[in-house]
Amino acid sequence: MKNKKDPAIEIQNPFDTLARIKYYQDLNEMTTYKLAKLTNIPQSTIATWFDKNLCPPIPKLELICAAFNITLPEFFQINDEFVVVSGKQAEVMSKYNALSSSNKTIIDEIMDVVLKNQ
C-alpha cells in the first residue's frame, strides 16, 4: 500500500466519511472487493453505505482504518492536523452524513440561526 498523501486527490468536505474512504481506497489502489476482504465487512454492506450515503459505524471505520494501515485519528486528519472528535460529535457527524442534501441545508440554516442568537 502506498499510504502517502496525493495532493491531486481532494476531499471537499473533511467530515464526509465516505469521501475519505474513497480517498484512501484510491490512494492505496484498493477496490471495494479488496477492502471487504481485508476488513471482513461484506462488500454489499460497503456498497450500501455508498448507495444510501450512510456513515459506517465507528467499529467498522476502525476495521477500514486498519486495512489502510492508519489510525482513526489519521483517517480524519486534515492538512497534517488531527481532528479530534468526541463520541457525541461523531454521532452528530454520522447523523448529518445520513441526511439528504436538502435536509443538510435545513440543518445548516438552523445552526446558523442558533449560533447567531447565542
What's the number of the only condition in (1) part of a loop (DSSP other than H, G, I, E, B); (2) in contact (Cβ under 8 Å) with a residue 60 or more places away in the chain that M30 fails to meet?
(2)
Could you tell me which numbered condition V92 fails, if it satisfies all but one of (1) β-branched (V, I, T); (2) within 18 Å of P57 (Cα to Cα); (3) at pLDDT below 80; (4) surrounded by 10 or more Cβ atoms within 10 Å (Cβ to Cβ)?
(3)
Residue set T45, T71; condition more than 27 Å from T105 (Cβ to Cβ) and at pLDDT 95 or above; output residue T45
Give the residue that is modelled with the lowest pLDDT, with candidates limited to residues of segment 79-89 that are exposed (fewer than 11 other Cβ atoms within 10 Å of the Cβ) and in a helix (DSSP H, G or I).
G87
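Among what's in segment 7-42 and is small (G, A, S) and closer than 21 Å to S94 by Cα, pick the residue that is modelled with the highest pLDDT.
A36
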Exactly one condition in (1) in a helix (DSSP H, G or I); (2) out of contact with any helix residue (DSSP H, G or I) (no Cβ under 9 Å at 6 or more places or on another chain); (3) at pLDDT 85 or above is not met by Q118; state its number.
(1)
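The values are calculated or read from the model by the stated rules, or taken from the named source; none is laboratory data. A quick note: this is a predicted structure, and the numbers were derived from the prediction, not measured. Note: ideal-geometry Cβ built from the backbone for every residue, glycine included; neighbour counts use all protein chains shown.
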